[in-house]
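What follows is one structure encoded as structure tokens, with my remarks underneath.
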Amino acid sequence: MSRKPEPETDRLDDAARAGWLYYIAGNTQDEIAKKLGISRATAQRLVSLSVTERLIKVRLDHPLGNCLELANRLRGKFGLETCEVVPADPQSSSDTLGIAEAAAGELERCLDSQHPVIAAVGTGRTLRAMAEQVSPMDCPQHKIVAIVGNIAPDGSATIFDVASRIGDRVRAPHYPMPLPLMATTVPERNLLLAQKSIRNIAELAEQADVTFVGIGTVDNEAAVLRDGFMRPEEVRSLVRAGAVGEIAGWAFDANGDLIDGLTNDRVLSVPLQKPAKRRMIGVSMAPARHKAIRGALAGKLINGLITNETMAASLLQK
């Protein structure tokens, strides 16, 4: 007689057991089928489900020789405190594959402390992917703080509220910044930043033990343009001024110098330091972001980098 459909929780319990047996205990699918009293096909489906439902997260801990060498060379060339290079998949079109998992692992190592830690985060698709990879933890002693606003151009809450997502996953107090990326005028910017609650968040972010940021482009394909935070004419003005990239909305040139005026006069994010005085880890790998990443490294806006081997090799070229 065939088994009746199980409740969703039972199905996920079975998937978790199968995933643990396969990825942690090293059982084959035939062995899992025997231990759970199911068919091999069912065991295979449950192992697959354990990954798709994020019950099991697979990370590559073996330091591949080429990646390790590239990371060491990047540390030496750019004076980085932290650098991790993950393998590249030539067949993948993902801009986050590998680096999201690596960044989540680095954050978890930072939070694996009994002493209070302040972890600050930027926003964007890469850091959102990182947040989804962070394992559930219980960290009431730590604080997760945003360095950039969580309000979309239309006034809604942006889907890239990374601080809240991570705070929920690790059960830590979190401090989102209830602001848009930039104000419409300089006086409005000054008024918004004068709010006590915003000042408190900015002060926390400036004390952060570690900060994770995405690195974006300033061009026709820029995320800040695509998501409506900048207008096309504003991007064109930044490009004419020499901008090659942005971090939390702050546009900078190939030397890592912030662009004078223009949209930088209205950015509401926590200001960048040059050179970065605390751990500032950039997480980026998309080929189109080469100039932006190189500029951030040249200006020492970041002192840590998580990227893939393709980008690493490109950054090391003369």
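Flag not set for Glu203, criterion: assigned by TED's automatic domain parsing to the domain that holds Ala286 and not in a helix (DSSP H, G or I).
When Asp257, Asp219, Asp209, Asp265 are checked against the criterion of being closer than 22 Å to Arg125 by Cα and not small (Gly, Ala, Ser), Asp219 stands alone in meeting it. What pairs can you find where one residue is in the range 64-84 and over 13 Å from Asn308 (Cα atoms) and in a helix (DSSP H, G or I), the other is at pLDDT 95 or above and of a type outside the set (Ser, Thr, Tyr), and their Cβ atoms are less than 6 Å apart, with a gap of 6+ or different chains? Here the result reads Arg73/Leu316; Arg75/Cys83; Phe78/Leu297, each pair linking the range 64-84 to a residue that is at pLDDT 95 or above and of a type outside the set (Ser, Thr, Tyr). Candidates are the residues of the range 94-117 that are hydroxyl-bearing (Ser, Thr, Tyr) and over 11 Å from the mean Cα position of the chain (by Cα); the one that is nearest to Ala129 (Cα to Cα) is Ser94. Would it be correct to say that Pro187 is modelled with pLDDT of 95 or more, surrounded by fewer than 22 Cβ atoms within 10 Å (Cβ to Cβ) and touching a Lys or Arg at 6+ places or on another chain (Cβ under 8 Å)? For Pro187, the condition - modelled with pLDDT of 95 or more, surrounded by fewer than 22 Cβ atoms within 10 Å (Cβ to Cβ) and touching a Lys or Arg at 6+ places or on another chain (Cβ under 8 Å) - is not met.
Any idea which residue in the range 21-32 is surrounded by the most Cβ atoms within 10 Å (Cβ to Cβ), counting only those that are modelled with pLDDT under 85 and not in a loop (DSSP other than H, G, I, E, B)? The selected residue is Tyr23. When residues in the range 116-135 are screened for being modelled with pLDDT of 95 or more, over 24 Å from Gly249 (Cα atoms) and not aliphatic (A, V, I, L, M), 1 of them pass. When Ala104, Ala43 are screened for being under 25 Å from Ala163 (Cα atoms), surrounded by 13 or more Cβ atoms within 10 Å (Cβ to Cβ) and not charged (D, E, K, R), only Ala104 passes. When Ser93 is tested against (1) in a loop (DSSP other than H, G, I, E, B); (2) surrounded by 13 or more Cβ atoms within 10 Å (Cβ to Cβ), just one condition goes unmet, and that condition is (2).
Among the residues of the range 202-229, those that are free of Cβ contacts under 8 Å to residues at least 40 places away in the same chain and under 21 Å from Arg128 (Cα atoms) comprise Ala222, Leu225, Arg226.
Considering (1) on the phi < 0 side of the Ramachandran plot; (2) assigned to a loop (DSSP other than H, G, I, E, B); (3) modelled with pLDDT of 95 or more, the lone condition that Met230 does not fulfil carries the number (3). Only one of the listed residues (Gly167, Gly149) is within 18 Å of the chain's Cα centre (by Cα), surrounded by 22 or more Cβ atoms within 10 Å (Cβ to Cβ) and either at pLDDT below 95 or among the β-branched types (Val, Ile, Thr) (or both). That residue is Gly149.
Might you check whether a residue that is under 28 Å from Ile293 (Cα atoms) and in contact with a Leu (Cβ under 6 Å, 6 or more places away or on another chain) occurs anywhere in the range 190-202? Within the range 190-202 (the criterion being under 28 Å from Ile293 (Cα atoms) and in contact with a Leu (Cβ under 6 Å, 6 or more places away or on another chain)), the answer is no, since none of the residues qualifies.
The values are calculated or read from the model by the stated rules, or taken from the named source; none is laboratory data. All of these numbers come straight from a predicted model, not from anything done at the bench. Don't worry about glycine lacking a Cβ; one is built from the backbone with ideal geometry, like all the others, and counts go over all protein chains shown.
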